[in-house]
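Here's the structure we're looking at; comments come further down.
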Amino acid sequence: MSDPLVSVIVPVYNREHCIKRAIDSVLAQSFRDFEVVVVDDGSKDGTAGILKSYGESIRLIRQENAGVSAARNTAIRAARGRWIAFLDSDDEWRPEKLEWQMKMAGKYETRVCFSRSVAEDGKPLPDLENVTSIQKEPGIYLVTDPLEFLTRSKTHPYLQSILVEKKMFETTGLFDQALHAGEDTLWLFRLSFLGSGIYVDRPMTVIHRYTDNSLTYDLRPEQAEKRFDSLMRLQAEMHRRLLEARPDQAGVARGRLAYCTACRAELACAAGQPALTRKLSRDGMALAGDFRTFVHCAALWLAPGLWRGRFRKKWHYQ
């Protein structure tokens, strides 16, 4: 049997409440030349039983819990398709998603194709609006400088909306397994240096933003600390590379790094770590490109004890 044209990658961990919706949306695609590679990252709930029920409709790989990046990387290595598409276990696709993207990728000879994402209520999620693009036909745009998604736009396209040629990973590398957040942003940042892409402005990916067990919206202090440590590292790498390649756009990454540093200083303050609070606040003041962030960090640096109660409440410390 010949290899499929597309490998759809679905990482999953403890998602018995929504994994069926995600996989069913892939199996309902009008484009049929694909495989579904599901990596169960050590689920401890009923996820394994649900996945087993799909039999040969999916390629199921089980591993010890190692995080979403490790799960995606396992699937990428196992993928047999020329093209890779991603879907998170709590989201879903409209039936025409792969058909439209494969059609446009072939027509415009691109190696990367994004599509519009919408929220669970059907409301379009912004991404293309602040990016330079050329309309090729109604609803189809050539994005000549994808890096603008990471520097000018408030948000980049969702990873769940991408179709990318597998060979691109030879240049970008795989997902950074040391990051607890922003691993998709860092990979997209590296991808954005490799050329233009096609954007299909049709609502084909549905993002369920507030699902159970979501790392993005986990408010527990220990998870928030890991998240902002990762985001600081992400923005630091973006800032360094932009200073070399696009110095006119480096200020955006610097501002985001200052913001993440300020948030991490708040968490250190809430945890009763004055030395770390002062170090992070000092770094935040040095990075700050706006008066408000500078003053915020200066206040934390001068009197961390004064602000501890406020930030314990903000960051949900018990």
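No value in this document is a laboratory result; all are computed from the given coordinates. A quick note: this is a predicted structure, and the numbers were derived from the prediction, not measured. Heads up, the Cβs are rebuilt from the backbone with ideal geometry, glycines too, and the neighbour counts pull from every protein chain shown.
Some notes on this structure:
- Label point at residue 152 placed 7 Å out along Cα→Cβ; residues across the range 120-137 whose backbone nitrogen lies under 17 Å: 126-136
- Spacing of the two label points (7 Å from each Cα toward its C-beta) at residue 82 and residue 306, in nm: 6.5 nm
- Length gained on full extension, residue 99 to residue 291: 64.3 nm, using 0.36 nm per residue less the C-alpha separation.
- Listed by chain and number, the lysines whose C-alpha is less than 25 Å from the C-alpha of residue 154, apart from same-chain residues fewer than 8 away, are 97, 123, 136, 226, 314.
- Values of log10 I(q)/I(0) for the chain across q = 0.08, 0.11 Å⁻¹ run -0.40, -0.74, by the Debye formula with one identical scatterer at each alpha carbon and no solvent.
- Multiplying the residue separation of residue 132 and residue 282 by 0.36 nm and subtracting their alpha-carbon distance yields 50.4 nm.
- Ellipsoid semi-axes for the range 221-314, based on the Cα gyration tensor and the rule √(5λ), read 25, 14, 9 Å when sorted largest first.
- In terms of other Cβ atoms within 10 Å, 88, 145, 45 run from fewest to most in the order 45, 145, 88.
- At R0 = 22 Å, FRET efficiency that the Cβ-Cβ distance of residue 194 and residue 30 yields, to 0.05: 0.15
- The residues 6, 118, 206, when put in order of fewest to most other Cβ atoms within 10 Å, stand as 118, 206, 6.
- Modelled FRET efficiency - R0 25 Å, residue 64 with residue 166, Cβ distances, 0.05 increments: 0.50
- Under the membrane-span-like helix rule (DSSP H runs whose alpha carbons stretch at least 24 Å along the helix axis, mean Kyte-Doolittle hydropathy -0.5 or higher), the chain yields 250-270.
- By average C-beta atoms within 10 angstrom, highest first, the peptides 70-80, 154-164, 54-64: 154-164, 70-80, 54-64
- Counting every other Cβ atom within 10 Å of each residue's Cβ, 316, 17 order from fewest to most as 316, 17.
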